[in-house]
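Every number in this text was worked out from the coordinates using simple rules, so none of it is lab data. Given the structure is predicted, the values throughout are model-derived calculations rather than measurements. Cβ sites come from the backbone with ideal geometry, for glycine too, and all protein chains shown count toward neighbours.
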Amino acid sequence: MRARNVLLASGRRTPREEVGAYRVLARVSPAAYLPRLSKALQQLSYDACFDDLPEGCLALREEAVAAARAVDPAEPARADLLYGALDTCQRALYELGRRAEGLAMRAEMLAIGRAQAELSGDPAVNGLSTWAAGLSEEGRFAEAADALTEWVAAILPDGPRHGALAWSMLEWIAALRDAGRTDEALAALATLVDMEAADAANDRGPMACHLYAVIGYARLLDDCDRGDRAAAVRQEALALLTELAATGERKSWSGYQAAYWAVLLDFSGADGDRPAPGEPRPPSGFVPMQWSPDVRRRHFESLDALREDVDTLALRAVEDPGHLAELVRLQRVLTIRSSVHGESRTHLFADRVRPMFDEGVDLARRLSEHRPADGNRTLARSLMDRSTFRAATHEFGPALDDFRRALRHLGEAG
């Protein structure tokens, strides 16, 4: 009776009072109150997370999962309820570094998604993308690529009507590349380029995203030793940048294209960013909010130490230019990490990372002067990095200038 009075009383009740009432009533009338208890526990857990009490947050979320499991399996809403409870719980497990348990919950979420898809006849299985991200972080690239291949195959027929298609394509392309399936990755990236071209032509998407996809395609072609095709694709990028520098975007768009640029930039730098042996790594192609919390925290907390390493190596390179190649690589890692971190957190990221792109070009120029044989290609890459950054900040004229300089260093200016 007291529990019912808490829920029926006028005035605002606290989340903790609500959970206390549902705990009592769920024992008396489980069918009616277990689902409400599970949702209320999840809501209360956010307060614990906000107060920096990760163990308390996890305990509440585990209780929410237990409440959802206790719901009658015949209840139609049980699957969605349990999926949501598992989703919040796995994040808390990853926050505490309990990765194996978090991945096991993602596997259970996928099993629920498969059962729901089988009942509905919908080929798009919920949980595939989250599962793939977890696999990629553990270095299980082949399994991640298979999961994302299944996911994209299910949503691709819907085309632009599926709002997350382009983002899912980026995840898929990165997984294919990481799994060594480069021919499939190139074919998938060519499909993405065509999609972005069609969207831009029909005013369904920004020209800038088409540009980033084209430049990303050229980079992957270079990585796969298909230089002639890469050179042709870069001419397509030049035409796009020339139009953007002359007229700007055809219409105004929200700021999501900067996030799109950051994902492709991170993807292009994944080979140079080498995690410590045995450590999980950020999943290529995914936005930072889809990384597991512990990986995201470790990756971005390393920025200060990485800056110190770059500065130390820069002093050595003054005395011995033989350190320049490693300095250029490490400074690019710092620039990409800082860009991805800054773009996902603040609109002021451009002012903070702009000097890093300038520094990268200066270092690459020094390397080019010291070792022209391979330094020119490195300088071209640094100029293209800065070109895409400038495009992401709507500085299309300077972006075009950088891109033309890069083509000259590659011998493709004509």
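Charge dipole (Cα centre; +1 on Lys/Arg Cβ, -1 on Asp/Glu Cβ; no other charges) of the chain amounts to roughly 1000 debye.
Globularity index of the chain is 1.13 (Cα radius of gyration / 2.2 N^0.38 Å, N = number of residues). Summing charges over neighbours of residue 259, with a neighbour being any other residue whose Cβ is under 14 Å away from its Cβ, gives -2 when K and R count +1 and D and E count -1. For the pair residue 289 and residue 235, the difference between a 0.36 nm per residue extended length and the Cα-Cα distance amounts to 16.1 nm.
Centre-to-centre separation between the Cα atoms of region 50-117 and those of region 274-329: 33 Å.
What angle, in degrees between 0 and 90 and rounded to the nearest 10, separates the Cα long axis of helix 227-247 from the longest principal axis of the Cα atoms of the chain? Result, in degrees: 80.
Largest GNM mean-square fluctuation across 261, 291, 253, computed for the chain with C-alpha springs under 10 Å, falls on 253. Summing +1 for each Lys or Arg and -1 for each Asp or Glu, what net charge is found among the other residues whose Cβ lies under 11 Å from the Cβ of residue 389? Value of the local net charge: -2.
In terms of its alpha-carbon gyration tensor, region 153-229 comes out oblate; a/c meets the 1.5 threshold, while b/c is at least as large as a/b. Between 130, 191, 335, the residue with the greatest mean-square fluctuation in the GNM of the chain (Cα pairs under 10 Å linked by springs) is 191. Each label point was placed 7 Å from the Cα along the Cα-to-Cβ direction; for residue 408 and residue 254 their separation is 4.1 nm.
Placing a pseudo-label 7 Å from each Cα along the Cα-to-Cβ vector at residue 243 and residue 224 gives an inter-label distance of 2.5 nm.
Extension gain for the segment residue 142 to residue 351, taken as residue separation times 0.36 nm less the Cα-Cα distance, is 71.4 nm to one decimal.
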